[in-house]
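Here the structure comes first, spelled out in structure tokens, and everything after it is commentary.
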Amino acid sequence: MRASRRAPLSVSYAPTAEAMEHFALRREHILSIVTFNPLPTSEARPEAPRGIAEIPLPLSGPDNCEIWSTDQPVISADFFDITYRRSPDFIFGSTTQAIACPAGQNGDHGPSSLQVRTEEAYRQIFTLLEDIEHHRLLRVWNWIPDINSNTRELEHYRQFNIGRQNAFIAHNRLSDTGSIPAATAVGTRAEALIVHFLAGRCIPVALENPRQVEAYRYPEKYGPRSPTFSRGGWIDLGPQNILFISGTASIVGHSTMHAGDAAAQTRESIHNIAAIVAEANRVARSDVYDLNLLSYRVYFRNKQDLAKIRAELDRLIQPFATTLYLQADICRADLLVEIEATAGLLSRDDGHR
């Protein structure tokens, strides 16, 4: 297994079986191992070891995992439903909230189960961060059950957005939009809401895309509460600068573009990522970031579209960029692809396609 580059924060890749065989979490500098697996529907799954963040999505390609590391010693702990590993400066945590009754609680009255569990997940995260003085959410990944399904005449993604924003409001985290983290939210076939998060003492600079309306200012046609995330985040760690780009889709302004055309949606998504890269370079006062130097996760809805999406990305991005492809439902039913990216975490010799 290739060792990760020692830095304040870094990510390396290794075959999952190899990482588990060496039980890499025994290494004191590992914050988390992120694995990608289809979720069995009929057989019970053993509980993952503390520090393993499982994404219940099928990975298209070699069975690799992400290993998140730091240059500081790390300890493991639990906080209510959250399992996490933390160093003096960073914390990587995961929480799973069972959605026992997708249609809601108390029949058709009161908030839905998904809304309640989402708010609970985020309230626990914010309380943990306040207790241990890791005040800033740097990056969040949300895995939402049947994200495009409707129960009680409201789409699950919109129910999720209500619960998420309720927690932000309850913990006074909407007053400073600069502290709203980069995030991804895609759908799974799991019967639970899963949230992974990275937090730290450093102060991120929230990035927005001039081609798009800020997600937290979307009009009411997209739901009772707007999505609460920034388009990206830039972090200055002194010896290391990190760029997180949120899940990015074929949206201009606030409208979906190129409905039904996976190739065109891929191109539009990359145009949007390029706009965020330009904003990051403006904030960093340099041209350090480039599409070819990013690491990517690509979420695609339909298997039949994967070849088109790959072809577009192969044309637009140089081959050494690390790209993982995961099949998932996207936050809008008319979106076929969503792409997230990072920079500053991966040494080039760890790259693979």
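The values are calculated or read from the model by the stated rules, or taken from the named source; none is laboratory data. These figures come from a predicted structure and were not determined experimentally. Backbone-built Cβ (ideal geometry, glycine too); neighbour counts: all protein chains shown. Please note that ligands, DNA and RNA were not included when accessible areas were found on the heavy atoms of the full protein model with its side chains. Shrake-Rupley method; radii C 1.70, N 1.55, O 1.52, S 1.80 Å.
For the stretch 132-153, which residues satisfy the criterion of being out of contact with any Cys (no Cβ under 8 Å at 6 or more places or on another chain), open to solvent by 30 Å² or more (accessible area, probe 1.4 Å) and at pLDDT below 95?
Listed by number, the residues that qualify are 133, 135, 150, 152, 153.
In the stretch 196-221, which residue that is among the β-branched types (Val, Ile, Thr) and part of a loop (DSSP other than H, G, I, E, B) is farthest from residue 233 (Cα to Cα)?
Across the stretch 196-221, the extreme among qualifying residues is 213.
Show the residue pairs that are 6+ apart or on different chains and have beta-carbon atoms under 6 Å apart, the first residue being within the stretch 241-266 and farther than 17 Å from residue 186 by Cα, the second being open to solvent by 50 Å² or more (accessible area, probe 1.4 Å) and at pLDDT 95 or above.
Partner pairs satisfying both residue conditions: 252/211; 259/334; 263/308; 264/258.
In the stretch 191-200, is there at least one residue being open to solvent by 10 Å² or more (accessible area, probe 1.4 Å), in contact (Cβ under 8 Å) with a residue 60 or more places away in the chain and of a type in the set (Asp, Glu)?
Checked against the condition, which is being open to solvent by 10 Å² or more (accessible area, probe 1.4 Å), in contact (Cβ under 8 Å) with a residue 60 or more places away in the chain and of a type in the set (Asp, Glu), the stretch 191-200 yields at least one hit.
With the condition kept exactly as written, say whether any residue in the stretch 237-260 is open to solvent by 10 Å² or more (accessible area, probe 1.4 Å) and among the hydroxyl-bearing types (Ser, Thr, Tyr).
Yes, there is a match, as at least one residue in the stretch 237-260 is open to solvent by 10 Å² or more (accessible area, probe 1.4 Å) and among the hydroxyl-bearing types (Ser, Thr, Tyr).
Please pick out the residue among 48, 98, 17 that is at pLDDT below 75 and either in contact with a helix residue (DSSP H, G or I) (Cβ under 9 Å, 6 or more places away or on another chain) or open to solvent by 20 Å² or more (accessible area, probe 1.4 Å) (or both).
48
Condition first: touching a Leu at 6+ places or on another chain (Cβ under 7 Å), within 22 Å of residue 188 (Cα to Cα) and open to solvent by 30 Å² or more (accessible area, probe 1.4 Å). Can you find one or more residues in the stretch 293-304 that meet it?
Within the stretch 293-304 (the criterion being touching a Leu at 6+ places or on another chain (Cβ under 7 Å), within 22 Å of residue 188 (Cα to Cα) and open to solvent by 30 Å² or more (accessible area, probe 1.4 Å)), the answer is yes, since at least one residue qualifies.
For the stretch 295-330, name all the residues that are at pLDDT 95 or above and part of a loop (DSSP other than H, G, I, E, B).
The answer is 301, 302, 328, 330.
What single numbered condition from (1) closer than 22 Å to residue 65 by Cα; (2) open to solvent by less than 20 Å² (accessible area, probe 1.4 Å); (3) not in a loop (DSSP other than H, G, I, E, B) fails to hold for residue 266?
So the condition that residue 266 fails would be (1).
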